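Let me begin by presenting the structure, written as structure tokens, before commenting on it.
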Amino acid sequence: MFNKQAYKMGAAPNQIRQIFEYGRQQAKLLGEDKVYDFSLGNPSIPAPEQVNRSIKELLDTESSIRIHGYTSGVGGDPLREAVARNLTERFGVKAYARNIFISCGAAPALQAVLLALRTEHSEIIGVAPYFMEYKAFTEANGSKFVLVPADLEKFQVNMEALAEAVNENTQAVILNSPNNPSGAVLTEETLRKVAALLTERSKQYGHPIYIIADEPYRELVYDGAVVTFIPTIYRDTVVCYSWSKSLSLPGERIGYVYVPEEATDSRELFLAVAGAARASGHICAPSLIQRAVAASIDCMPDLEAYEINRKLLYEGLTEIGYECVKPDGAFYLFVKTPGGDNSVFCERAKAKNLLVVPSEPFGVEGYFRLGYCVSKETIVNALPVFREVYQADSH
Ligand code: PLP
């Protein structure tokens, strides 16, 4: 006898991973340059030199026992203090180390917050298009996942649908900006509308409805786009962050949860997050990388390679005839499927080793996602294949 839900999640890894694994196999058979894999959000720019230098210095100067030893369950002071200072300086909030829980990436941060907010009839709202793990994590934690359909024009928030979805059991709304898969950045106007709705409903139902701000792409923006720090707009916000994308450290598994001092029941919520992380065995994030990130806290990514890829791919695809909203952030393009039939299109692309992710798992029909965190050559070589697949679809 097994936990059926856990078995299901393990036996059917998410679709992105399946496509990625297929790409790895094809690359072994045909060679890397014959496979155009746009499936995964794995950063393609190196971590800043400062991170690697810090790791080397720490290994050379710290006692091995200390640097490889456990930190406090909630994370070590150096990183908690560095994050609090960084948030205070950049966003004008008053963050303290006691508000920061160091997690093993954004996914365990979300998992801990979702478990912390689980109550008898709890519901968690996601906004399409959404990162598919929200549903998996919410349901695994025993809450109901409610999906608000997408605003397909601008990929902001469909406010009417959100207003309909919020009810007395709603514990939180997850917002992800810049967004995976659309690349959209939520405007301040959108966030103020969401905040006004949730403030009114929190009052009406007599309990806070939190915003869970899932922000691993916060620093990945282009053309001067601004990512509003949601706690400055709505006090009952819990931030889930990781350095997986901003410092290109996805394999190091390092991130945090920020529970603002001003949030309702801030201390209790923080302890519930710590307890939830403990319950799932995700305390004491890796020590060495905690210290290296603390020493690199003010590093910003050099986005030049992503900028070049974004322009090349966006302009190349729209010139062929593909339709897509130009994204302000992250490293994804969300493209309308020519002909409308996603499964036919994606299979035809796959037959030519052009690997894209259909949009259905993100809660939207008739689109596909491209991760442009690839080499420039991959895009240059893939554009003629995109043209072939487009032409096949429009005849
Ligand atoms: N949230 C979003 C929107 C993501 O795209 C990802 C990873 O791709 C995560 C969370 C998980 O991030 P991490 O690798 O830091 O756990």
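Derivation of every value follows stated rules applied to the coordinates shown; laboratory data play no part. As the structure is a computational prediction, the values presented were derived from the model and not from experiment. Virtual Cβ from ideal backbone geometry, glycine too; neighbours counted across all protein chains shown.
Listed values, structure above:
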| read-out | value |
| --- | --- |
| For the chain, built as a Gaussian network whose Cα springs stay under 10 Å, the top-fluctuating residue of THR228, THR378, THR88 | THR88 |
| Structure-based [θ]222 nm, the chain - -39500 (n - 2.57) summed over DSSP H runs of at least 4, per residue, nearest 500 | -13000 deg cm²/dmol |
| Highest-fluctuation residue, PHE137, PHE91, PHE362 considered, GNM on the chain with Cα pairs under 10 Å | PHE91 |
| Compactness of region 102-145 as Cα Rg over 2.2 N^0.38 Å, two decimals | 1.09 |
| Packing-based exposure ordering (other Cβ within 10 Å, fewest first) of ARG17, ARG235 | ARG17, ARG235 |
| Cα pair distances in region 344-395, grouped into 10 Å bins until the bin that holds the longest one, percent each | 23, 55, 22, 0 |
| Kirkwood-type radius of the chain, with distances r between different C-alpha atoms, in Å | 21.9 Å |
| THR199 versus SER72: modelled label distance in nm, points set 7 Å from Cα along the beta carbon direction | 3.3 nm |
| Packing-based ranking, highest mean first, of 39-52, 209-222 given that Cβ atoms within 10 Å are counted | 209-222, 39-52 |
| Listed residue (THR71, ASN14, THR228) projecting farthest to the positive dipole end of the chain, Cβ model | THR71 |
| Total charge dipole magnitude, region 50-295, about the Cα centre, Cβ charges on Lys, Arg, Asp, Glu only, Debye to nearest 20 | 580 debye |
| Positive minus negative residues near SER280 (Lys, Arg vs Asp, Glu; Cβ under 15 Å) | +1 |
| Fewest-first ranking of SER242, SER64, using other Cβ atoms within 10 Å as the exposure measure | SER64, SER242 |
| Kirkwood hydrodynamic radius of region 209-360, from inverse mean 1/r over distinct Cα pairs, in Å | 18.6 Å |
| Links that overshoot a 19 Å alpha carbon limit, given the list LYS34/LYS350; LYS8/LYS144; LYS28/LYS350; LYS135/LYS326 | LYS135/LYS326 |
| Protection-proxy order for peptides 96-105, 271-280, each taking the mean of Cβ atoms within 10 Å per residue, highest first | 96-105, 271-280 |
| Selected from ASP341, ASP60, ASP33 as most flexible by GNM, with the chain as the system and alpha-carbon contacts under 10 Å | ASP60 |
| Burial ordering of MET159, MET300, MET132, fewest other beta-carbon atoms within 10 Å first | MET300, MET159, MET132 |
